[in-house]
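Read the structure below first, then the notes.
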Amino acid sequence: MNSKSLIVGSKGVLDYLGNLSLPQIRKLFSILSVLAFRNTQECANIQDELHIVIRKQLSSNSPKYKRIGVIGSLMIVRNMAFRQEPGQGRELSTEMYNTIVSLLGQVRSSSSKMPEASALFFDELANIVEQRQLDQKVEEFIGDSILNDFQDDFVVDVEADQVSGDYGLPLSEVYGLEAEESQGGVAINLLPLVSKAERAQLNLGSLPNEESETDRSRTVSPLCMTPHFRLLRMCEMAQNDNMEGIDALLGCPLYNVSNEVISKISSLAKNEREMLCTCLFLTINWFREIVNAFSGLTDAEMRGKVLARLKNITEVQKHLQTCLAETPNFSPPLANFDNDSVLSSDGASTSTSGPTNTATVGSKRGRKPKEKEKNAANTSGILNDTVAHSSTQDTSLDTTQNTTQNRSTDTEAGGSESVTKGAVDLSRYRTYFRELDIDVFNILGCGLVTKSVLDSEMHTREVVVLKLQPPELHFLLEDLSLKLDHALLASSTKRRTFLKTKSDKNTGFSHLNRFTPREIAVKAIKLLPHLCDHLESSSAFFQALVEQNDGVVDGPGANTPEYHEIATCLHLLLKSLLSLFSWNGFASSENKSLFLDALKVLTSRIKSSGRTQLTAKQLHKHAFSYLEKFLDTVPDLSSAIFLLRLLVSLSEHSETTDNSESIADMAEGLLKREWLNQDGLIEKGAKHNELLQSLLRIYLCHTPDVLKSIQDICTIAIPELIDSNERTGYSTTYQTLNRLTFGTYYRVLFDHLTTYLRDLYARGASKRGGHLTEERLIRWSMAVHVFHVLISLLKVFEARSNLTSALKYGRVFIELFLKHGMPLLDRLFPSQREEVLKLLKTLQQSTRSLHHVCSHSKVAKDVSLTNHVPAVKRNLELFVYRVKAMLALHKCQEAFWVGNLKNRDLHGEEILSQQTNDSASENGDDADEDTELPSEDSSSGDESTTTMGQEEKSDSDDESCSESF
């Protein structure tokens with residue numbers, strides 16, 4: 001296909017722009033502008049059409065189409081002003097330069113009255129400038145105009161009379177770092193801008209369509225402050241390759257609400273509380289962009305200020321939690337503008353998947369919203385947020401991110417310390433915070449930072465030593481773990497494309513999505529030494545605490561804010577390492593060297609490894625040894641599971657070393673360990689059961705003998721639980737097994753029992769031989785014994801979930817026995833008759849108990865249980881006839897007789913209430929066929945003595961048919 005044909009097809013898509021997502025629009029205009037402006041000889045005719053489409057979109061009053069026009073215009077500018085290498089192309093002509101300047105001015109002016117579109121313009125242009133693809137003259141023009149506008153709009157001189165004024169809330173100069181005088185004496189004019197925007201009825205959103213001439217004066221929306229600054233710093237880096245021209249903004253103060261107001265928020269009016277929350281959101285986003293801009297500086301003085309800004313973020317987040325608790329209906333200002341969820345279905349500007357501002361509900365022409373509308377909007381806004389970003393790794397462990405229930409709820413946004421119960425979870429508001437760049441996490445590598453504080457005579461007054469504290473570490477690690485989890489997929493079946501997907505999946509990851517997974521992996525491996533440093537420090541903290549308490553894990557000091565903060569950091573460190581090492585890209589040959597580089601970093605942490613060149617097998621061994629030593633100091637079960645999964649990932653990538661047995665031993669040790677919450681009580685709840693299920697599955701998947709392990713739990717741990725205290729009892733061997741977790745154990749044991757039998761024949765389908773046949777008989781005998789124990793436990797543990805597991809997996813077990821077990825018994829019956837009869841007798845007792853479960857399900861009228869009954873009864877009937885066929889094959893059919901089996905409940909009591917129902921039903925519907933083997937005492941060496949003639953027993957209406965032999 002030539003370029004002209006491509007243009008014809010692409011131009012047709014322009015008629016359906018409203019159906020495309022913003023990433024698709026960006027891709028479409030990028031293709032069309034490349035064709036139009038990079039190959040002017042063949043495709044000059046499309047330029048005019050693109051300009052027409054762009055002008056139409058920019059002139060629209062719809063926020064949706066206005067944003068389409070902004071993106072399309074900037075894609076055209078990027079290709080019109082594309083930087084050519086010297087001698088490889090034409091220089092930018094004056095006419096083309098003027099056209100670019102005119103187009104930029106048109107976009108800027110058309111979006112100035114719509115803050116969301118204006119902020120999108122700054123962000124999109126910043127991304128283009130960051131790529132260093134624009135002509136130098138265009139870059140200089142953008143840089144000069146952006147710098148002047150930013151100074152005029154957001155920066156003021158620090159003067160005494162500047163603090164005065166009526167802004168609705170007390171104004172103060174806050175968050176200034178030392179030596180502001182040497183930085184030019186400037187401040188960010190935040191609260192006055194917010195107040196002015198509110199009074200101009202901007203409400204941090206779109207301007208009204210109808211406004212007076214006096215309102216048309218330049219009013220700057222605070223929404224544009226952080227996107228404007230991002231573009232400013234990109235231009236500064238592009239022109240000067242440093243940040244010296246704007247480094248005064250790193251330490252300058254903010255004209256903001258006085259911190260004293262926060263403690264009195266309950267006495268403020270509603271509009272004052274909302275303005276205060278708005279200022280706090282904007283403050284956090286300002287500091288996040290400041291950290292983005294200056295995190296790469298290596299100067300000790302500047303690095304100290306960056307750490308101070310991180311501390312400011314955690315402090316303001318605590319204030320924000322307090323204020324949000326008092327302002328439940330507050331809708332935060334937008335922070336990310338390149339996602340479709342910013343717009344509602346009708347194209348109106350809305351908040352992004354978060355708590356909805358009740359002032360916008362039913363606000364057409366000043367109509368006051370009804371109470372039901374307010375409650376509905378508030379509920380849907382708060383609940384339908386972006387908590388779904390947590391994990392793409394394993395659905396069974398998605399809930400482990402916030403496992404410790406009483407730990408700080410501020411996990412995704414990164415709180416400064418443990419939050420009290422009932423505090424607002426800032427993870428609900430994650431999309432209202434500016435995205436951190438991936439390079440920000442180099443701060444994790446900064447150790448002690450020493451900075452000097454000078455007096456008025458420029459003499460050193462004191463020396464301050466700064467380092468990354470646990471709250472700031474928590475903040476960074478939470479964001480890093482989310483980014484790695486988003487970018488490095490663990491499953492090869494999950495792929496991300498530019499095609500339209502749920503917008504909340506990519507909200508807050510716009511900058512990250514510009515990198516390939518391999519590039520993210522390279523950056524993560526560079527951070528690996530810093531992550532190991534913090535991992536060792538966190539582990540040393542808990543190790544020292546255990547030693548102080550004479551080996552007691554939950555001794556004094558285990559319920560302090562510092563303890564929980566460091567525990568959360570350790571949890572996030574392990575989660576980040578898991579995201580890295582479980583990346584499916586390591587399985588490809590082109591990324592093998594990357595994986596070995598990561599192993600080398602882990603191996604280098606062990607001094608005994610030396611500096612000699614190690615083989616891949618040795619690297620795996622040392623890396624595994626390095627990580628497994630942290631298992632003894634993990635403070636909670638969720639961190640332990642992340643560490644186990646990390647070791648499993650390492651083991652899966654190893655082609656020569658099998659660490660399954662070591663992983664099984666570690667998992668078994670965790671199952672036998674008592675896990676307590678911060679109140680000193682045994683962990684419980686749905687999240688704990690999910691964690692326990694994952695741990696038990698890891699153990700059974702890696703133990704050398706799955707059937708023996710299941711048998712040990714069934715014959716050792718569960719009897720200990722039954723013999724213990726009725727309410728608070730637990731197994732002394734497996735201390736995680738108690739009455740609250742029994743259902744989890746029961747379901748997982750049953751599941752792995754059937755999986756083992758299925759895999760047993762999948763692995764050895766092609767193998768034959770007498771030894772293998774006898775070995776399988778032993779295995780089936782063990783499996784039937786375990787099955788019998790599990791079914792018998794229903795008499796003690798009658799929970800509905802246990803009954804469901806018994807019916808579900810009991811049916812599968814009988815199916816597997818009919819498919820694989822009965823052919824085996826056919827071959828072994830002549831030579832090992834006693835063993836076969838014993839196996840069948842044990843299984844017959846289990847099938848009778850299954851029949852009792854079916855009867856109980858019918859009496860209980862539980863739909864979830866009765867749905868399994870027909871399939872179970874069908875398999876029980878097939879089992880009877882299959883045994884009859886085996887006896888006929890060996891000429892022992894005389895040993896088979898027909899009897900009646902009464903309907904009984906779980907405890908063996910006859911169900912009298914079924915008499916009427918059973919007599920009215922068909923014979924096959926309520927009847928169950930079962931088998932009964934004669935006792936071993938009635939048999940002798942002569943085969944004929946074990947056969948009995950067929951006997952007909954009484955048949956009454958309250959009994960179902962049973963066949964015995």
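The values are calculated or read from the model by the stated rules, or taken from the named source; none is laboratory data. Remember, it's a predicted structure, so these values are computed and weren't measured experimentally. Cβ atoms come from the backbone with ideal geometry, glycine included; neighbour counts cover every protein chain shown. Side chains included, ligands, DNA and RNA excluded: accessible areas come from the protein's heavy atoms. Shrake-Rupley method; radii C 1.70, N 1.55, O 1.52, S 1.80 Å.
Evaluation of residue 676 against the conditions (1) open to solvent by 20 Å² or more (accessible area, probe 1.4 Å); (2) farther than 18 Å from residue 570 by Cβ; (3) over 24 Å from the mean Cα position of the chain (by Cα) shows that the sole unmet condition is (2).
Which residues, taken from the stretch 293-318, are open to solvent by 50 Å² or more (accessible area, probe 1.4 Å) and touching a residue at least 40 places away in the same chain (Cβ under 8 Å)? The answer is 296, 301, 311, 315, 318.
Quick grid of which residues meet (1) open to solvent by less than 10 Å² (accessible area, probe 1.4 Å); (2) modelled with pLDDT under 90:
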residue	(1), (2)
206	no, yes
212	no, yes
219	no, yes
232	yes, no
237	no, no
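Residues that are under 17 Å from residue 275 (Cα atoms), open to solvent by 60 Å² or more (accessible area, probe 1.4 Å) and modelled with pLDDT under 85 within the stretch 147-194 comprise just one, 166. Among the candidates 276, 250, 280, the residue that is under 26 Å from residue 143 (Cβ atoms) and either touching a strand residue (DSSP E or B) at 6+ places or on another chain (Cβ under 8 Å) or touching a residue at least 40 places away in the same chain (Cβ under 8 Å) (or both) is uniquely 250. Out of everything in the stretch 409-427 that is polar (S, T, N, Q) and open to solvent by less than 10 Å² (accessible area, probe 1.4 Å), what residue ends up being modelled with the highest pLDDT? Restricting to residues being polar (S, T, N, Q) and open to solvent by less than 10 Å² (accessible area, probe 1.4 Å), the top hit is 427. The single residue among 590, 628, 661 that is over 30 Å from residue 690 (Cβ atoms) and either open to solvent by less than 20 Å² (accessible area, probe 1.4 Å) or of a type outside the set (S, T, N, Q) (or both) turns out to be 590. Kindly check whether there is at least one residue in the stretch 693-704 that is open to solvent by 40 Å² or more (accessible area, probe 1.4 Å) and modelled with pLDDT under 90. No: zero hits. Between 116, 91, the distinction of being among the acidic types (Asp, Glu) and either surrounded by fewer than 17 Cβ atoms within 10 Å (Cβ to Cβ) or in contact with a Leu (Cβ under 6 Å, 6 or more places away or on another chain) (or both) belongs to 91 only. Listed by position, the helices (runs of 4 or more DSSP H) contained in the stretch 40-151 that have at least 1 residues being over 30 Å from residue 222 (Cβ atoms) and touching a Ser or Thr at 6+ places or on another chain (Cβ under 8 Å) are 40-43, 45-58, 63-80. Checking the stated criteria, residue 89 turns out not to satisfy the condition of being at pLDDT 90 or above, among the small types (Gly, Ala, Ser) and out of contact with any Pro (no Cβ under 7 Å at 6 or more places or on another chain).
Check whether at least one residue in the stretch 119-127 is surrounded by 16 or more Cβ atoms within 10 Å (Cβ to Cβ), in contact with a strand residue (DSSP E or B) (Cβ under 6 Å, 6 or more places away or on another chain), modelled with pLDDT of 90 or more and closer than 24 Å to residue 310 by Cβ, and report yes or no. No: the stretch 119-127 contains no residue that is surrounded by 16 or more Cβ atoms within 10 Å (Cβ to Cβ), in contact with a strand residue (DSSP E or B) (Cβ under 6 Å, 6 or more places away or on another chain), modelled with pLDDT of 90 or more and closer than 24 Å to residue 310 by Cβ. Exactly one residue out of 518, 495, 434, 430 is in a loop (DSSP other than H, G, I, E, B) and at pLDDT 85 or above: that is 434. Candidates in the stretch 705-749 are the residues that are part of a helix (DSSP H, G or I) and among the polar types (S, T, N, Q); of these, the one that is surrounded by the most Cβ atoms within 10 Å (Cβ to Cβ) is 744. A count restricted to the stretch 830-841 and to residues that are in a helix (DSSP H, G or I) and either surrounded by 20 or more Cβ atoms within 10 Å (Cβ to Cβ) or in contact (Cβ under 8 Å) with a residue 24 or more places away in the chain (or both) stands at 8. Checked against (1) part of a helix (DSSP H, G or I); (2) open to solvent by 10 Å² or more (accessible area, probe 1.4 Å), residue 331 passes all but condition (1). Across the stretch 631-658, the qualifying residues are those that are among the charged types (D, E, K, R) and buried (at least 18 other Cβ atoms within 10 Å of the Cβ), and the one among them that is farthest from the chain's Cα centre (by Cα) is 636.
Residues checked against (1) touching a Phe, Trp or Tyr at 6+ places or on another chain (Cβ under 9 Å); (2) under 30 Å from residue 694 (Cα atoms); (3) surrounded by fewer than 17 Cβ atoms within 10 Å (Cβ to Cβ); (4) of a type in the set (D, E, K, R):
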{"residue": "751", "(1), (2), (3), (4)": "yes, yes, no, yes"}
{"residue": "784", "(1), (2), (3), (4)": "yes, yes, no, no"}
{"residue": "787", "(1), (2), (3), (4)": "yes, yes, no, no"}
{"residue": "807", "(1), (2), (3), (4)": "no, yes, no, no"}
{"residue": "816", "(1), (2), (3), (4)": "yes, yes, no, no"}
{"residue": "819", "(1), (2), (3), (4)": "yes, yes, yes, yes"}
{"residue": "843", "(1), (2), (3), (4)": "yes, yes, no, no"}
{"residue": "854", "(1), (2), (3), (4)": "no, yes, no, no"}
{"residue": "858", "(1), (2), (3), (4)": "no, no, no, yes"}
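When you look at residue 686, is it in contact with a helix residue (DSSP H, G or I) (Cβ under 7 Å, 6 or more places away or on another chain) and of a type outside the set (Ser, Thr, Tyr), yes or no? When the stated conditions are applied, residue 686 does not pass them. Restricting the first residue to the stretch 163-192 and requiring it to be charged (D, E, K, R), which pairs with a second residue that is at pLDDT 85 or above and open to solvent by less than 30 Å² (accessible area, probe 1.4 Å) meet a Cβ separation below 7 Å and a spacing of at least six or different chains? Going by the 7 Å Cβ cut-off, the qualifying pairs are 173/187; 173/253; 173/255; 180/251; 180/252; 180/253. Against the list (1) in a helix (DSSP H, G or I); (2) open to solvent by 60 Å² or more (accessible area, probe 1.4 Å), the condition residue 613 fails is (1). Examine the stretch 21-38 for a residue that is closer than 26 Å to residue 336 by Cβ, surrounded by fewer than 21 Cβ atoms within 10 Å (Cβ to Cβ) and at pLDDT below 80, and state whether such a residue exists. Checking the stretch 21-38: not a single residue is closer than 26 Å to residue 336 by Cβ, surrounded by fewer than 21 Cβ atoms within 10 Å (Cβ to Cβ) and at pLDDT below 80.
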